[in-house]
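Enquirer: So that we are looking at the same thing, I have put the structure below in structure tokens.
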Amino acid sequence: MNVSSLTSSELASRLSNAGIHLQTGSFITHLQTAIPSVAEGIGLLYSDYPLVEEGGFADFHVDLIPPRNLRRWFKPQVLFLSDGAPPFKPLPLDQAFPLFEWGLNWCVSSHANNYLIIHSAVVEKNGYAAILPAPPGSGKSTLCAALVNRGWRLLSDELTLVRVSDGKIIPLPRPVSLKNQSIDIIQQYEPGAIFSRKVSDTMKGTVAHMKPPSDSIFRAAETAQIAWVIFPKYQAGSAARLEPLPQSRAFMRVADNAFNYSLLGTEGFETMARLIDASLCYDFTYSVLDEAIETFAALKPPTSPT
Amino acid sequence: MQWQAISDTALRFCCWDDEFVVYNIHSGDTHLLGSMAAQILLKLQQSPSDVATLTGLFTHLPLFEMKDELPLQIEHILADLNRLELITRS
Amino acid sequence: MISNCLVVQAIRQPESLTFLSLADWDLLLRQARRANLLSRICALLDERGLIEQVPPQPREHLEWARAIAKKHAQDVQWEIAMIRKALVGVGVPVILLKGGAYVMAKLPPAQGRLFSDIDIMVPKGSLNEVEAALMFHGWATAELDDYDKRYYRTWMHELPPMQHTRRTTVIDVHHAILPETARTHPDPEKLRSAAQLLDGYDNLKVFAPADMVLHSATHLMHEGELHNGLRDLVDIDSLLRHFGSSPTFWPGLIERAKELDSTRTLFYALRYAQLILHTAVPEDTMEAARIGSPNRVMLMLMDMLFSRALMPDHPSCSDWLTGTARKMLFIRANWLRMPPVLLARHLFHKAFISPKPE
């Protein structure tokens, strides 16, 4: 049973009472909240996601509540709780849905230590995955949003999960986070894409979330094999250019972008080594989305098995 | 003065195109080493050596124009490896 | 309360976990995480070969916790190697305390343990040299206001915590196990002379077995913030089970508690280990330990407070009295460390300084 099988008032009612058990990728989140904008965001962007009815087990327990402070009378806020404890300070109530998204990312990246978790987007085609690690402002999310609307499957826009036991990439498809001009760019690029309401004045500027193509959600159990590590950089006016990157340098840069590389110790090193060994690594500069799409379409996986 | 690697089981190496990524199991640190530093480290893992022995590893290289500076360069690399806790005096 | 607490049941009887429902696992994982005991539970199941019998979803969480504990153990051993290197020139024996001692002496409490600071004990006269050697090797005292600096230097049994500038790890350097102002005075000289060298080291020591138990008990019973209380009790239980297999250990423990002015502490530690974790303490030992018992009324009060405050700090393990119990034990701990005049001054001062961000 999916979220879409509930009407919006049923969904809002469930969320404010017993909560829902929402399945995203291989994680189950128990979510409770009485905040209307969160219920709306869930109803709109998570309509195709499964609700788990039985078992009584959840990986994460999330509540979004108004904090009990004096500000609730004149500048209402929202607090994210993970099993009743707040990992972050409260934010303005308006930002409740983005806070849910960021908070759920935090839950996964702080706990799921059977994966090497890289702060990057990851997309897949024909069984091969391209990881796009990038610091904020490099255009990774815009590029990711464009790719998944042009034939690539979304595995994640924020968290690449590399399974330590076998090196496979495990999908965690969730709404794609876009900010500022990227929102308009992608809305024009793909007019049919479904977006949450824009929320302004956040730490990242104006943000909105894009619903992933349904195919990405339905195929969330399908793992992928790494083929490319590509560091994107948007540079106004530049032609699309792929420059080979020495693998040892790619190793160090990806490790820098991993949440738990250090924590995983020797296994972190071995997982990363296996990942890099199996990949073609590049720096990628672009300015025109269509050119970027063409470059990606022409990518060939590494030829020899490692 | 002889040097040696911290232990023969503590280090893991990965190599791509003449550059090495080394992981120290004891400290949890990861290092990117150039070819010369990595070869020195591998040699010190096999057996304790001094600067003269290590110099001998590279003197056969044909394009080496600065053979006189080789021992000094090796001393610098040893100082770096020591600072990174990858080697100790033996 | 104790009966609601799945973590307590898990520690008492790890085998019983194979019968838990998914919903119970959901709750246990949350309680255990809050109590910093999830990796310990994983270690207990690993030891008994029972991990494969845990359903896949909770088993994943145990594996997540195992990875963290493994990293902690790696970090602690390296940190101790660095501390040893820094202090080798000072020429005094360094005694490792608590977690660091358990790891280096390969004792059972080290299994699945999470570590924060490293605690060491050195002779009081060497404090300045030790501090200087640590600073030379990259540690620095955290910023304190003048009051806190004087508080540490004058009254406390330790230097202010020092943090390594590159590794960000923290070391606590003690010269005794309780402050000089405390109401009881375990003599640090006696602890030092009984301390034992670690195998293969000439300057790293750990406390003798009975002293290790008494120190752990002292720490627990004098600790104001009890969010790690159950974890500390688990350490005590694990030490007692390990050392208790030798028959001379128990009478030796009682004698040593008398020598170290710690009979009250030992009484409470044995009582709560037995009540909460079902530690097998011999009858005659429990009887002999009663010399440390407070009067009946005080004992009832302490039972009421500790039975609540030692539970995981999770709503499912609390009742309406738990908050009060924690507050009262916080005040009690400060009272034990300081005479009333100093305590009032200390709490007064603390109340009017805004807390530093962590």
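The values are calculated or read from the model by the stated rules, or taken from the named source; none is laboratory data. Predicted, not measured: the structure shown is a model, and the values here were computed from it. Glycine gets a Cβ as well: all are built from the backbone with ideal geometry, and neighbour counts include every protein chain shown.
Enquirer: Among the residues of the range C:26-42, is there at least one that is aliphatic (A, V, I, L, M), outside any helix (DSSP H, G or I) and surrounded by 18 or more Cβ atoms within 10 Å (Cβ to Cβ)?
Expert: Yes, that holds for at least one residue.
Enquirer: Hey, among A:Ser196, A:Ser200, which residue is modelled with pLDDT under 95 and in contact with a helix residue (DSSP H, G or I) (Cβ under 9 Å, 6 or more places away or on another chain)?
Expert: A:Ser200
Enquirer: While we're looking at this one, here's another question. Which one is surrounded by the most Cβ atoms within 10 Å (Cβ to Cβ) among residues in the range C:50-64 that are facing chain A (nearest Cβ under 8 Å) and closer than 16 Å to C:Leu37 by Cβ?
Expert: Across the range C:50-64, the extreme among qualifying residues is C:His61.
Enquirer: Further, regarding this structure: From the residues in the range A:57-79 that are within 18 Å of the chain's Cα centre (by Cα) and among the hydrophobic types (A, V, I, L, M, F, W, C), which one is farthest from A:Ser8 (Cα to Cα)?
Expert: Looking at the filtered set, the residue picked out is A:Phe60.
Enquirer: Among the residues of the range A:23-56, what is the count of those that are at pLDDT 95 or above and more than 23 Å from the chain's Cα centre (by Cα)?
Expert: 1
Enquirer: Among the residues of the range C:178-202, write down those that are in contact (Cβ under 8 Å) with a residue 60 or more places away in the chain and closer than 16 Å to C:Ala257 by Cα.
Expert: Scanning the range C:178-202 gives C:Leu178, C:Arg183, C:Thr184, C:His185, C:Pro186, C:Asp187, C:Pro188, C:Lys190, C:Leu191, C:Arg192, C:Ala195.
Enquirer: Would you mention how many residues in the range C:92-132 are out of contact with any strand residue (DSSP E or B) (no Cβ under 9 Å at 6 or more places or on another chain) and in contact (Cβ under 8 Å) with a residue 12 or more places away in the chain?
Expert: So the answer is 13.
Enquirer: Have a look at A:Glu54, A:Glu40 and point out the one that is within 12 Å of chain C (Cβ to nearest Cβ) and surrounded by fewer than 20 Cβ atoms within 10 Å (Cβ to Cβ).
Expert: The conditions single out A:Glu54.
Enquirer: Can you tell me which residue within the range C:74-101, out of those that are surrounded by fewer than 19 Cβ atoms within 10 Å (Cβ to Cβ) and outside any loop (DSSP other than H, G, I, E, B), is farthest from the other protein chains (Cβ to nearest Cβ)?
Expert: Per the criteria, the residue is C:Arg84.
Enquirer: When the residues of the range A:65-120 are filtered to those that are crowded, with 21+ Cβ neighbours inside 10 Å and among the β-branched types (Val, Ile, Thr), which remaining residue is farthest from the other protein chains (Cβ to nearest Cβ)?
Expert: Ranking the candidates gives A:Val78 first.
Enquirer: All but one of (1) without any contact (Cβ under 8 Å) to a residue 12 or more places away in the chain; (2) crowded, with 24+ Cβ neighbours inside 10 Å hold for C:Val213; state the number of the condition that does not hold.
Expert: (1) is the only condition that C:Val213 fails.
Enquirer: Output yes when any residue across the range A:259-272 is in a helix (DSSP H, G or I), among the charged types (D, E, K, R) and farther than 23 Å from A:Arg153 by Cβ, and no when none is.
Expert: Taking every residue of the range A:259-272 in turn, at least one turns out to be in a helix (DSSP H, G or I), among the charged types (D, E, K, R) and farther than 23 Å from A:Arg153 by Cβ.
Enquirer: Within the range C:264-279, can one find any residue that is over 20 Å from the mean Cα position of the chain (by Cα) and farther than 24 Å from C:Ala35 by Cα?
Expert: Looking for residues that are over 20 Å from the mean Cα position of the chain (by Cα) and farther than 24 Å from C:Ala35 by Cα, one finds none in the range C:264-279, hence no.
Enquirer: Out of the residues in the range A:236-258 that are basic (Lys, Arg) and assigned to a helix (DSSP H, G or I), state the one that is nearest to the other protein chains (Cβ to nearest Cβ).
Expert: Filtering first and then ranking leaves A:Arg249.
Enquirer: Name the pairs whose Cβ atoms lie under 8 Å apart, with the first residue in the range A:106-117 and closer than 15 Å to A:Thr24 by Cβ, the second among the small types (Gly, Ala, Ser), and 6 or more positions between them or separate chains?
Expert: As it stands, the answer is A:Trp106/A:Ser82; A:Cys107/A:Ser82; A:Ile117/A:Ser109; A:Ile117/A:Ala258, since those pairs meet every condition given.
Enquirer: Looking at the range C:103-113, is at least one residue within 10 Å of another protein chain (Cβ to nearest Cβ) and either β-branched (Val, Ile, Thr) or touching a Phe, Trp or Tyr at 6+ places or on another chain (Cβ under 9 Å) (or both)?
Expert: The answer is no; no qualifying residue exists.
Enquirer: Is there any pair linking a residue in the range A:220-236 that is farther than 21 Å from A:Leu289 by Cα to one that is surrounded by fewer than 22 Cβ atoms within 10 Å (Cβ to Cβ) and of a type in the set (D, E, K, R), with Cβ under 8 Å and at least six apart or on different chains, and which?
Expert: Within 8 Å, the pairs are A:Thr223/A:Arg163; A:Thr223/A:Lys168; A:Ala224/A:Lys168; A:Gln225/A:Lys168.
Enquirer: Here's another thing I want to ask about it. Look through the range A:276-292, keep the residues that are within 22 Å of the chain's Cα centre (by Cα) and within 11 Å of another protein chain (Cβ to nearest Cβ), and return whichever of them is farthest from A:Ala130 (Cα to Cα).
Expert: Once the filter is applied, the top-ranked residue is A:Ile276.
Enquirer: Now, a different point. Quick one: what pairs do we get from the range C:275-304, first residue touching a residue at least 12 places away in the same chain (Cβ under 8 Å), second among the hydroxyl-bearing types (Ser, Thr, Tyr) and part of a helix (DSSP H, G or I), C-beta under 8 Å, 6+ apart or different chains?
Expert: Listed pairs, sorted by first residue: C:Leu275/C:Ser307; C:Ile276/C:Ser307; C:Ala289/C:Thr263; C:Ile291/C:Thr263; C:Gly292/C:Thr263; C:Gly292/C:Thr265; C:Gly292/C:Tyr268; C:Met302/C:Tyr268.
Enquirer: Tally time: how many residues in the range A:211-235 are polar (S, T, N, Q) and in a loop (DSSP other than H, G, I, E, B)?
Expert: 2
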